[in-house]
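Chemist: Here it is, the structure, as structure tokens.
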């Protein structure tokens, strides 16, 4: 299995809703990442988990809450989002958090906040 | 801090012509460099990476890139463009555990 699987592929939520994005990989990778990509822009790093511990939070608002229950699973909990949070949310994993490994990306969750 | 600059937000080439997408980097430590491709409504796929071994790196789909330290460049090339190459291409630099992307180049193939 050489894939990163993200669910759901599409999500529409109201500003008062609570939802979660899920990311799963079975490649034995020990680093996992959340990126946010706005239309016609490059991906921007949000969070890095290394060996199931949060190692980087790029000053992301608290309405985004990451969770890494185990080495194969990464969640992003969403609460009280704003319309400007609408974007493609990408999950990625790498063998380790060492910088010479390429990342494997999932196909993303396209989030629309109404 | 590290960064990459992609020259040209849009590049158009004729089918069968040479593809050249430009990337220059800035890094305070020896960089590891990557090229990713993104098709519409999809995630990013790794094309190739430079990790301080050979300076000429071959990737998937016939793409290759050459690391030139003197020019701080890592340009992506393909000898003959195919219609299926139309996509967004991102150059990225990795320092420590962060991967930072350039602004991207949209490649259009003219039949």
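Chemist: Given the conditions (1) outside any loop (DSSP other than H, G, I, E, B); (2) within 14 Å of chain B (Cβ to nearest Cβ); (3) over 20 Å from residue B:92 (Cβ atoms), which single one is not true for residue A:69?
Modeler: So residue A:69 meets the others, but not (2).
Chemist: Related question: Out of all the residues in segment A:72-110, which are in a loop (DSSP other than H, G, I, E, B), farther than 17 Å from residue A:22 by Cβ, more than 13 Å from chain B (Cβ to nearest Cβ) and in contact (Cβ under 8 Å) with a residue 40 or more places away in the chain?
Modeler: If the condition is that a residue be in a loop (DSSP other than H, G, I, E, B), farther than 17 Å from residue A:22 by Cβ, more than 13 Å from chain B (Cβ to nearest Cβ) and in contact (Cβ under 8 Å) with a residue 40 or more places away in the chain, then A:80, A:82 are the ones that fit.
Chemist: Go through (1) over 29 Å from residue A:5 (Cα atoms); (2) modelled with pLDDT of 95 or more and name the single condition residue B:36 misses.
Modeler: (1)
Chemist: Condition check: modelled with pLDDT under 95 and surrounded by 14 or more Cβ atoms within 10 Å (Cβ to Cβ). Does residue A:45 satisfy that?
Modeler: So residue A:45 fits the description; yes.
Chemist: Output the residues belonging to segment B:49-81 that are within 13 Å of chain A (Cβ to nearest Cβ), closer than 30 Å to residue A:7 by Cα and in contact (Cβ under 8 Å) with a residue 24 or more places away in the chain.
Modeler: Scanning segment B:49-81 gives a single hit, B:59.
Chemist: Something else about it: Exactly one of (1) modelled with pLDDT under 95; (2) touching a strand residue (DSSP E or B) at 6+ places or on another chain (Cβ under 8 Å); (3) exposed (fewer than 13 other Cβ atoms within 10 Å of the Cβ); (4) within 12 Å of chain B (Cβ to nearest Cβ) is unmet by residue A:9. Its number?
Modeler: Going through the list (1) modelled with pLDDT under 95; (2) touching a strand residue (DSSP E or B) at 6+ places or on another chain (Cβ under 8 Å); (3) exposed (fewer than 13 other Cβ atoms within 10 Å of the Cβ); (4) within 12 Å of chain B (Cβ to nearest Cβ), residue A:9 breaks only (1).
Chemist: For segment B:1-37, name all the residues that are within 11 Å of chain A (Cβ to nearest Cβ), without any contact (Cβ under 8 Å) to a residue 60 or more places away in the chain and touching a strand residue (DSSP E or B) at 6+ places or on another chain (Cβ under 8 Å).
Modeler: B:35, B:37, listed by residue number.
The values are calculated or read from the model by the stated rules, or taken from the named source; none is laboratory data. Everything quoted here is computed from the prediction, not taken from an experiment. With ideal geometry, Cβ positions are generated from the backbone for all residues, glycine too; neighbour counts draw on all protein chains shown.
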